[in-house]
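Coordinate-derived values only; no laboratory data. What you are looking at is a predicted structure, and each value in this text was computed from that prediction instead of being measured. Backbone-built Cβ (ideal geometry, glycine too); neighbour counts: all protein chains shown.
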Amino acid sequence: MRRLRHFVLAPSLARLIRKERAGERVREGYFPDQPARSACVQIAETRSSLILEAGEGAAVEERVDLPLAHALALLAVSQGQVKYVRTTLSLGSREIQALHFVRPVALDLVAIAGAPEDGQDLPPLPWFGPEVSAETAYQRRRLALDRAPEALAADVTNAGLHSLLDLLEERLTAWPGSHEAARSGAPAAAGPRSAKALVSTTETKADEEIDDLGIEDVVIRELARSLQPRQR
């Protein structure tokens, strides 16, 4: 199971994502920490589960589906709870989750899968805020059982806004800077040489249009002469 990387998300961008994409409401109840495995109950709109969270040295978590009534009963006796809206975005083969927390604190995060141990992590997208992957206070379990972390500001830049809009409008099809983007065959930004070639092509087309207009003028003049009455 890959680790998740988390980044702070500006509230205005999180609101834009929720406006453009349908999200799923999720409630989670957490039980006291255990050395080997800890448990939480998760109730989403389409699925209710009991999750045994992996402890130190454990490879994966285990999930067992529960009837909704059983899940609600466990949620009621849990020690701490979180409530959030999860919106999933896709970029190529990658999945991005925007998490809008409403309980126990107002917080917006974005989560992506990290690389395997022998791999390299993807570069963050321009609309991502500060990374908090190493800050345990931003984990959902810690949000539920501990006090809220200190708020980190995420700046909204023009480049970040355009990057998010390109993703929402499906103009961005591969992760920038990744091998996937290189394989996608997306055209690179035009350098000085390509710009010069573009100008040359434009000038050639313009000259051709001018030549066509000149020929057309000649034809029109000849037609006008032929229609003039002949002088006797």
Completion exercise
So the FRET efficiency between Glu150 and Ala76, C-beta based with R0 = 25 Å and rounded to 0.05, is 0.25
Practice task
Take the Cβ-Cβ distance between Thr157 and Val64 as r, set R0 to 41 Å, and report the resulting FRET efficiency rounded to the nearest 0.05.
Solution key: 0.40
Practice task
Compute the Cα gyration tensor for segment 1-140, then decide on rounded, prolate or oblate, letting a ≥ b ≥ c be the square roots of its eigenvalues: rounded whenever a/c is under 1.5, prolate when a/b is larger than b/c in the other cases, and oblate in all that remain.
Solution key: oblate
Fill in the blank from the handout: Amide H contacts under 5 Å for Glu61, restricted to residues at least 5 apart in sequence or on another chain and with H modeled in the peptide plane, are Ala54
Exercise for the section: Subtracting the Cα-Cα distance from 0.36 nm times the residue separation, let me have the gained length for Leu4 to Gln139 in nm, one decimal. Expected result: 47.6 nm
Handout entry: Per-residue Cβ neighbour rank within 10 angstrom, fewest leading, Lys19, Lys83
Key = Lys19, Lys83
Completion exercise
At R0 = 30 Å the Cβ-Cβ FRET efficiency linking Ser12 and Asp33, nearest 0.05, sits at 0.30
Completion exercise
With label points set 7 Å from each Cα along the Cα-to-Cβ direction at Lys83 and Ala113, the distance between them in nm comes to 3.1
Handout entry: Rough spin-label spacing in nm, given labels placed 7 Å along Cα→Cβ, for Arg94 and Ala106
Key = 3.0
Exercise for the section: Report the residues of segment 1-23 in range of a label on Thr46: point 7 Å along Cα→C-beta, backbone N strictly under 20 Å from it. Expected result: 18-23
